[in-house]
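The values are calculated or read from the model by the stated rules, or taken from the named source; none is laboratory data. Source: prediction; values computed, not measured. Cβ placement follows ideal geometry from the backbone for every residue including glycine, while neighbour counts extend to all protein chains displayed.
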């Protein structure tokens with residue numbers, strides 16, 4: 001079967017408005033989380049990574065918009081505009097668009113929003129992105145909780161293998177909003193300090209926001225240095241609980257094994273794992289069990305949540321892009337905030353950013369509703 005690649009990419013985050021800014025900060029173990037005191041969103045101060053509104057407005061105005069767009073739409077448009085421009089690809093009928101998000105324009109339902117409530121419909125978000133750039137095909141909006149970003153890459157790969165498209169642009173984003181924060185707060189899942197995935201003293205999750213985009217393509221003549229192949233992917237729903245993961249890690253374990261089978265590799269071929277790692281008790285424990293069942297307990301592993309917080313439907317794509325740069329630079333990035341193992345099974349947590357020759361990494365994600373996705377990526381020159 002023909003290879004499918006991830007190529008041109010962009011990350012808009014608290015670090016800046018390109019992927020390089022985020023990668024540089026992560027390499028230096030600098031967190032994007034800061035204490036936010038905004039009682040309109042949450043009564044108590046909370047840690048988060050936020051995209052500066054002034055910088056966003058300035059970047060968006062350069063796109064010469066002809067109408068008003070929501071904050072999330074602006075984030076997605078600015079990111080995707082950069083990726084499309086760098087790719088040089090003409091938006092023909094052979095080019096697809098996938099928009100990945102968990103809650104989309106949920107903020108338009110707040111009382112002070114200037115936008116109609118219909119803007120909260122996910123198909124409306126897809127149309128705005130599609131029409132802005134003039135895509136010839138209808139946008140596909142993929143919203144499957146926190147696996148959405150990784151799953152979007154898997155779907156893009158399948159479309160290309162099915163000959164439906166030659167190229168697919170995937171763009172992902174979610175906002176830090178009152179709806180999201182109060183929801184996680186109701187679960188008593190928000191941490192009052194920067195999150196510490198897999199750590200014995202972890203106290204919960206931080207929520208962050210990003211916009212990111214990538215070109216998924218069958219064309220190997222227009223690749224960037226950090227490009228990777230998607231060599232395996234799989235999804236499985238453990239059907240355990242609306243918000244609680246399987247205690248045996250069943251869905252994640254099956255996803256990982258299926259992805260490895262598709263890639264035709266064994267566990268020892270994986271150089272590192274970019275894990276979900278939300279820093280909640282049940283998620284981190286479930287992942288530890290699943291990784292051990294898949295014989296990956298000795299594989300170097302990190303969670304990037306200590307840098308960005310949990311960016312929901314964007315997290316999987318964001319963390320895959322960071323993984324591309326990790327492979328390219330042969331650098332394992334530290335799992336920020338980790339101090340002492342706090343799960344019942346052994347894991348090889350990356351404590352300090354280290355050089356390591358690497359060619360294959362595994363990206364995993366798990367989400368509400370029992371969804372789990374695993375994808376395996378290989379350095380192009382391997």
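Key figures for this structure:
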{"quantity": "Options 201, 248; residue that is outside any helix (DSSP H, G or I), assigned by TED's automatic domain parsing to the domain that holds residue 32 and surrounded by fewer than 23 Cβ atoms within 10 Å (Cβ to Cβ)", "calculated": "201"}
{"quantity": "Any hit, the stretch 303-322, residues being surrounded by fewer than 24 Cβ atoms within 10 Å (Cβ to Cβ) and part of a loop (DSSP other than H, G, I, E, B)", "calculated": "no"}
{"quantity": "Any hit, the stretch 157-168, residues being assigned by TED's automatic domain parsing to the domain that holds residue 213, crowded, with 18+ Cβ neighbours inside 10 Å and closer than 19 Å to residue 209 by Cβ", "calculated": "no"}
{"quantity": "Count of the stretch 204-226 residues which are more than 14 Å from residue 10 (Cβ to Cβ) and surrounded by fewer than 24 Cβ atoms within 10 Å (Cβ to Cβ)", "calculated": "9"}
{"quantity": "Subset of the stretch 350-382 (residues that are part of a strand (DSSP E or B) and surrounded by fewer than 16 Cβ atoms within 10 Å (Cβ to Cβ))", "calculated": "354, 355"}
{"quantity": "Residue identified as touching a strand residue (DSSP E or B) at 6+ places or on another chain (Cβ under 6 Å), assigned to a helix (DSSP H, G or I), buried (at least 19 other Cβ atoms within 10 Å of the Cβ) and in contact (Cβ under 8 Å) with a residue 12 or more places away in the chain among 97, 76, 6", "calculated": "76"}
{"quantity": "Which listed residue, of 275, 279, is more than 30 Å from residue 161 (Cα to Cα), in the same structural domain as residue 373 (by TED's automatic domain parsing) and crowded, with 22+ Cβ neighbours inside 10 Å", "calculated": "279"}
{"quantity": "Counted residues, the stretch 332-349 - those being touching a strand residue (DSSP E or B) at 6+ places or on another chain (Cβ under 8 Å), assigned to a loop (DSSP other than H, G, I, E, B) and crowded, with 16+ Cβ neighbours inside 10 Å", "calculated": "7"}
{"quantity": "Meets criteria (modelled with pLDDT under 95, surrounded by 15 or more Cβ atoms within 10 Å (Cβ to Cβ) and either in contact with a strand residue (DSSP E or B) (Cβ under 9 Å, 6 or more places away or on another chain) or over 26 Å from residue 205 (Cβ atoms) (or both)) for residue 137", "calculated": "no"}
{"quantity": "Within the stretch 251-270, tally of residues that are under 15 Å from residue 291 (Cα atoms), within 22 Å of the chain's Cα centre (by Cα) and not in a loop (DSSP other than H, G, I, E, B)", "calculated": "10"}
{"quantity": "Complete set of residues in the stretch 16-40 that are surrounded by 19 or more Cβ atoms within 10 Å (Cβ to Cβ) and within 16 Å of residue 191 (Cα to Cα)", "calculated": "31, 32, 33"}
{"quantity": "Residue match in the stretch 109-118 (condition: outside any loop (DSSP other than H, G, I, E, B) and crowded, with 17+ Cβ neighbours inside 10 Å)", "calculated": "no"}
{"quantity": "Criterion: outside any loop (DSSP other than H, G, I, E, B), farther than 22 Å from residue 372 by Cβ and either without any contact (Cβ under 8 Å) to a residue 40 or more places away in the chain or within 17 Å of the chain's Cα centre (by Cα) (or both) - qualifying residue of 215, 151", "calculated": "215"}
{"quantity": "Checklist (1) part of a helix (DSSP H, G or I); (2) over 18 Å from residue 155 (Cα atoms) applied to residue 221, failing item", "calculated": "(1)"}
{"quantity": "Answer from 91, 42 - the residue that is over 19 Å from the mean Cα position of the chain (by Cα), at pLDDT below 95 and assigned to a loop (DSSP other than H, G, I, E, B)", "calculated": "42"}
